[in-house]
Each structure stands twice: as structure tokens, then as C-alpha cells.
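Rule-based calculations on the coordinates, nothing more; no lab input. Computed from a prediction, not measured in an experiment: that's the story for all the values here. Counting neighbours? That spans all protein chains shown, and the Cβs are built from the backbone with ideal geometry, glycine included.
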Protein chains: 2
Amino acid sequence: MNPLFHALFQKSRYITNCLNEVLKQHNLYSSQWTILYCLHNHGPMTLTQIWKYLNVEAPSITRAITRLETLGWVLRVEGEDKREKIVTLSPYAEKQLPVITKTILAFEEEMVGALTVEEQQQFMILLEKMKG
Amino acid sequence: MNPLFHALFQKSRYITNCLNEVLKQHNLYSSQWTILYCLHNHGPMTLTQIWKYLNVEAPSITRAITRLETLGWVLRVEGEDKREKIVTLSPYAEKQLPVITKTILAFEEEMVGALTVEEQQQFMILLEKMKG
DNA sequence: AGTATTTATTTAGCTAGGTAAATAAATTTC
DNA sequence: GAAATTTATTTACCTAGCTAAATAAATACT
């Protein structure tokens, strides 16, 4: 395996695991947080909007939302178009979000703080160049 | 979610999916290939050596090796220390490896070819800087 | 209007990562 | 040398991605 890919995959797993560790105090997994954050920024979204935005397949989002719903973080309501379900943050989620956001910002700062802004930009550019 | 992380996770998934697609012709998944390649380079290894080298937890490797064994890619034999299992490539795997390697090299060249060697090094350095 | 196609979501089932705990063999300690 | 600890592997069970196929509602076609 190309060492570059190996390093990329490993760092990706490492960051995910760290994030999960940090989010334990809020009883959340990183992917669940990603969805909550997405809803916080965009307001209510359909499942399709969510999975297209996050660049993930639909079944992953169906499962995650089901879990988030039973845990009380989101509500699923029927849209005008009765095929679609609109997902909104629950009042509980709205209340918890500020403190979770604080946790996340600290984590991100710690994780990425060793890179200058230019290096972060450079990193994104290099990532972008890896296409198929 | 920090856009840098988002981009990192996404690219990681994207490359994995592409790799899976390319490996379909050999009836392999990317993680299975990673293990075969590892064994090819190091010769017979215990499960512990494999998961430590690949930086993954033991159960992931147990499962993957079990699958690779039933598919005929590897053999599991008891070591002198009877706690450990030594994994070796099967003759079938040895025979298939060259052509699979060719597939992989072409894929990696296509995927990473847009980056100069300096950019690849730079990328690794930046990745390295993201610690916890 | 009735049929065909598209679109949104879900279900089923796979790989692949993780943790926690069980088991069995080897090693250390007393 | 018996008991305690460590080490290697496995099992059970979770999240999280994927594809393929099912379902149900909306839209397009004739």
C-alpha cells in the first residue's frame, strides 16, 4: 500500500477515534455530531439533503437519524411531499449544542493547531489534487 | 465540523471506495489487500504482528484473516508458542499477487500522479503535524 | 385518466473499524 | 511448584460506511 494512502487512512481513523473519545462526555459519536452540526447550520433538512451534503449514501443517514431520534436529539416529520421526511433538532439538542460546540472547537484547535493557516490551505489543496 | 477534517474523511472514504472498485476484478476488498501486501513484504506473521503493523485493533484482523482463510488467500498455523497463530500467504495468493500488484500500482499512479514527489512529501509532513 | 418513470426513504446484508470481556497458553512471583 | 499476571487470540456487540433491492409517493407520458 502506498505510504501516502496508509498515512491518510490512519490519520483519518485516528482523528475519528479521538473525536469519539472527546464526544463521549456528551453521549455522542462523531458521525452523530456531524449530522447535528449540519442541522444546526442549515436548519431543518430532508434526509436526501443531509446525505447529499455530507457526501454519504442514504442508508447511512437513515440509520443514523433513527438512532438520533430514539436518543432524543432530532425529530422526523413528514414533508408536504409525503415521500420525504424533514429532520429538525429537538429542543434538547438545541439546548446542548453550545456546550458541545465548545468541546469540539477546543478539540479541533488542539488537533490542527500545529499547522499555520497557510499549511491548512496547502493541505486542502493537496487533498484536492488526489482524484481518480 | 472543521472543513479540513471533513475533506480528510471524505477523501479517505473516496479512495477506499475507488480501491474497492478496482480490486473487484480480483475478488478482494481494500483491507484484505492491505493484509496480503503486508504478508508479501514481511513473510509469515502472527496476528499480533499484523495488527500492530497496520495500526488496527486485534479483532479487526482476526475477522479479516478468518475471511481470507476461507477464501483461500492465507493459511493459519499454530506457532511454537501455542497462543499465537502464524499467518502465511497461500500458494494461490503467491500466484495471484504479481498481477494484483500491477493493478494497484496503476491505481496509485492514477490517484496520486497529479502530485509531484515534493508535494507528496509535503502532504505526509502536514498529516504528521496533526496530532492530538 | 391510466400507466410508466422518477424520486425519497427504508430494509437487508456486506466490509471494516472500535471496545469490553472471555479463553488459553506462557511467564513471573512468591 | 502453585498462584498470579501477562500475552495472544477470539467472541460479542457497537458505530459507520457501502450496494442492491423494496416500497411508496410524485411526476411524466400518452
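Using a cut-off of 15 Å between alpha-carbon atoms, which aspartates and glutamates can reach B:Lys85, once sequence neighbours fewer than 8 places away in the same chain are excluded? Straight-distance partners of B:Lys85: B:Glu69. Computed 3J(HN,Hα) for the stretch B:73-81, one whole-Hz value per residue from the Karplus formula 6.51 cos²θ - 1.76 cosθ + 1.60 where θ = phi - 60°, is 8, 9, 10, 10, 10, 5, x, 4, 5, glycine and proline marked x.
Between A:Thr101 and A:Asn2, what is the label-to-label distance in nm when each label sits 7 Å out along the Cα-to-Cβ direction? Each label point lies 7 Å from its Cα, and together they span 3.8 nm.
Copy-to-copy label distances for A:His6, where each label lies 7 Å from Cα along Cα-to-Cβ, are 3.2 nm in order of increasing length. From the alpha carbon centroid of the stretch A:88-104 to that of the stretch B:80-124 is 43 Å.
The H on the amide N of B:Ile86, modeled in the peptide plane, is under 5 Å from the matching H of B:Val77, B:Glu78, B:Gly79, each at least 5 residues off or on a different chain. When shorter helices are ignored and each DSSP H run of at least 4 residues is given -39500 (n - 2.57), the per-residue value for the protein assembly as shown at 222 nm works out to -22500 deg cm²/dmol. Within 10 Å of each candidate Cβ there may be at most 12 other Cβ atoms; applying that plus a DSSP loop requirement, which GluC sites (Glu not before Pro) in the stretch A:28-79 survive? The qualifying sites are A:Glu57. When you restrict to C-alpha pairs under 8 Å that are six or more residues apart and normalise by the size of chain B, the relative contact order lands at 20 percent.
If Lys and Arg each add +1 and Asp and Glu each add -1, what is the summed charge of the other residues whose beta carbon sits under 14 Å from the beta carbon of A:Ile104? Each step should come with its number before you reach the end.
Numbers: positive: A:Lys24, A:Lys102; negative: A:Glu21, A:Glu108, A:Glu109, A:Glu110.
Combined, the nearby Lys, Arg, Asp and Glu give -2.
Given A:Lys11/A:Lys52; A:Lys24/A:Lys95; A:Lys11/B:Lys129, which pairs have Cα atoms separated by over 20 Å? Pairs exceeding the cut-off: A:Lys11/A:Lys52. Each Lys and Arg Cβ is given +1 and each Asp and Glu Cβ -1; about its Cα centre, chain A then shows a dipole of about 400 debye.
By the count of other C-beta atoms within 10 Å, a proxy for reagent exposure, A:Thr101, A:Thr116 are ordered fewest to most as A:Thr116, A:Thr101.
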